[in-house]
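The structure appears below as structure tokens.
Laboratory data are not the source of any read-out in this text; all were calculated from the coordinates shown. Since the structure is predicted, the reported quantities are computational estimates derived from the model, not experimental observations. Cβ placement follows ideal geometry from the backbone for every residue including glycine, while neighbour counts extend to all protein chains displayed.
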């Protein structure tokens, strides 16, 4: 059966959350939004394409930074309202030049920075 992006459950803005995870280490790298066209473009090109809510435009990860995400596998959750994209990440995933966007922990009521920028 051929996959149809319109069968996913999008929010009222036509978006679905997409969690990017390193396909080797299992580290969760980031979360961003996709619309149906971004999902289709990602599957067609193998380059992860998100929808930028602030710019109201497509955003191909790494297009300007060189920190490319190549699609290894795309998975749909049981409610069809969230995607997991397993990626091959080149360089940092976070715009702060950290490997992951999840570099801040909350421990004992305080924020703790877990990693410094790579660059």
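Restricting the search to segment 62-109, which residues are in a loop (DSSP other than H, G, I, E, B), in contact (Cβ under 8 Å) with a residue 40 or more places away in the chain and either surrounded by 14 or more Cβ atoms within 10 Å (Cβ to Cβ) or in contact with a helix residue (DSSP H, G or I) (Cβ under 8 Å, 6 or more places away or on another chain) (or both)?
Just the residues of segment 62-109 that are in a loop (DSSP other than H, G, I, E, B), to begin with: 62-68, 77-82, 90-103, 108-109.
Imposing the further condition that a residue be in contact (Cβ under 8 Å) with a residue 40 or more places away in the chain reduces the set to 79-82, 93-94, 99-102.
Within segment 62-109, 80, 82, 93, 94, 99, 100, 101, 102 meet the criteria.
Here are some residues: 18, 36. Which one is in contact with a helix residue (DSSP H, G or I) (Cβ under 9 Å, 6 or more places away or on another chain) and farther than 27 Å from residue 118 by Cα?
Values: 18 fails: farther than 27 Å from residue 118 by Cα.
The conditions single out 36.
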